[in-house]
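Below: one structure, written as structure tokens.
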Amino acid sequence: MNLTEQPTGPEFYDWSAGSPVIGAGWNLMRAGDFTALDPAAQVTPPSEQLPELKIDIPRFTLGSKDPLDHPKAMLLSDRTIPTGDGFRVSVEMAVEVHGTEENPFAADPDDPRLGSAALLVLDNGTGLVMNFEVSNRRIMALRERFPISAPNPENSVQPLTDLKLTDGNIQPGSWHRYELRYLPGEDQLLCPGPDRAAWLVDGKVVNQVDWVTTLEPPHAPVVKPIRFQIGLGIFTLLDNLPDGRGGTIPGLDPDYEQTLFGQGVTARWRDLQVETGCPEF
């Protein structure tokens, strides 16, 4: 990892000698009284013999009547990584989704919105999230932007969701490497250039965008993320989502009536890698 200041001891993403993870460089996402860990979750931390993190939720029990319904488990790194001259994070992840075959929406059982495991990065200054949400056989490359708290937040952010659903060559429980890359782009005098993000699976690009915080080339002032937290989690995504143009992307359960229907996820992560100074792509 190429950072200006290096901490002593193992990096927060080095689990080779084992780690409790939670409380050792990582924390559970919290929002008010909400904690993003399903009471039914079984967390198995990495050990020296098996350096992988496992979260098993046989049957989701954590729900909400708002977007906090999404996370069933969500860990965030304590440290934020500056985007600097570029940034990339990757992890090997294996996912098993249970109980979606007879879902109440007659949706494809492999639709990641029903239940998925995730790798994500989050910039709190812009509200930008880039992530993978992965089911048994399908991969969703997702870009979101959320409203943020600010001294004058009104109309400061146009919420957006931009997703690409792919049919990857994956099977339930199979290991694959998922990678997120970000480049801030080249700026000229009073003329910022486009930033760029890419989503890669097993080294192959499955999605790529320019002007990462907007759907179209932005109006001034141009806003770019400057530091990322890293996240690992288990999610559903069943409600309506903002389309970035003032409208919505219809969801399977817009009123949060049947978000829990017996589904669950077992997710495992290993060999997390973080690097700054990302090359051009």
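Annotations
- Burial ordering of 178, 13, 256, fewest other beta-carbon atoms within 10 Å first: 256, 13, 178
- Amide H to amide H, with H built 1.01 Å from N, residue 61 comes under 5 Å of 40, counting only residues 5 or more places away or on other chains.
- With a simple spin-label model that places each label point 7 Å from the Cα along the Cα-to-Cβ direction, the separation between residue 105 and residue 255 comes to 1.6 nm.
- Peptide ranges 167-176, 234-243 listed from the most packed, as the mean C-beta count within 10 angstrom indicates: 234-243, 167-176
- Qualifying GluC sites (Glu not before Pro) in segment 138-216, DSSP loop, other Cβ atoms within 10 Å at most 16: 154, 186
- Reference-scaled alpha-carbon Rg (2.2 N^0.38 Å with N residues) for segment 125-231: 1.19
- Along principal axes, Cα extents of segment 8-157, largest first, whole Å: 50, 47, 32
- Theoretical FRET efficiency, 1/(1+(r/R0)^6), r = Cβ-Cβ of residue 175 and residue 34, R0 25 Å, to 0.05: 0.20
- For the chain, projected area of the alpha-carbon convex hull averaged over all directions, nm²: 15.1
- Cα→Cβ-extended label distance, 7 Å offset, between residue 44 and residue 281, nm: 3.0
- Label-zone membership for segment 224-263, site residue 149, 7 angstrom Cα→C-beta point, backbone N under 16 Å: none
- Rel. contact order, % - alpha carbon contacts under 8 angstrom, at least six apart, the chain: 28
- For the chain, built as a Gaussian network whose Cα springs stay under 10 Å, the top-fluctuating residue of 87, 146, 34: 34
- The label-point distance for residue 271 and residue 164, in a model that sets each label 7 Å from Cα toward Cβ, rounds to 2.4 nm.
- Lysines whose Cα lies under 20 Å from that of residue 164, excluding same-chain neighbours fewer than 8 positions away: 204
- Average Cα contact separation per residue, segment 30-81, under 8 Å, 6 or more apart, as relative contact order %: 36
Bear in mind these aren't lab numbers, they're just calculated from the coordinates by the rules spelled out. From a predicted model like this one, the values you see are computed outputs, not experimental measurements. Here Cβ is always computed from backbone atoms with ideal geometry, including for glycine, and neighbour counts include all displayed protein chains.
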